[in-house]
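Step one of this worksheet: look at the structure below.
What follows is calculated from the coordinates using simple rules that are stated; it is not laboratory data. Since we're looking at a predicted model, the values are computed, not measured. Every residue, glycine as well, gets a Cβ built from its backbone with ideal geometry; the counts of neighbours run over all protein chains shown.
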């Protein structure tokens, strides 16, 4: 595994919502700053941007009349499906922001969130 893959993997969190398993990615500090400044913090864009996987989804889970064939995660399929699944919106969004909060808490505990030139 390359160093960049290790960094990205460290941002992943697994979450279960209504019996379904998803992988979410916590926002980076830069992404959070940009979202906060731009005001682009809406649930649809958060879900589309930070839900990066699922496990055990079948066609039948995703569409009426589908088969029992497992479906690999695809961002476009996820975006289409999640738009009609409000029961998953809050659990997934909360998991994304909880992962970010845990990241910030860890930074504060180790003093790694200091900007250059600042003091503790």
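With the simple spin-label model, which puts each label point 7 Å out from Cα in the Cβ direction, the residue 102 to residue 11 separation comes to 1.6 nm. With a simple spin-label model that places each label point 7 Å from the Cα along the Cα-to-Cβ direction, the separation between residue 89 and residue 32 comes to 2.3 nm.
Size check on the stretch 3-99: the Cα extents along the three principal axes, sorted descending, read 43, 32, 21 Å.
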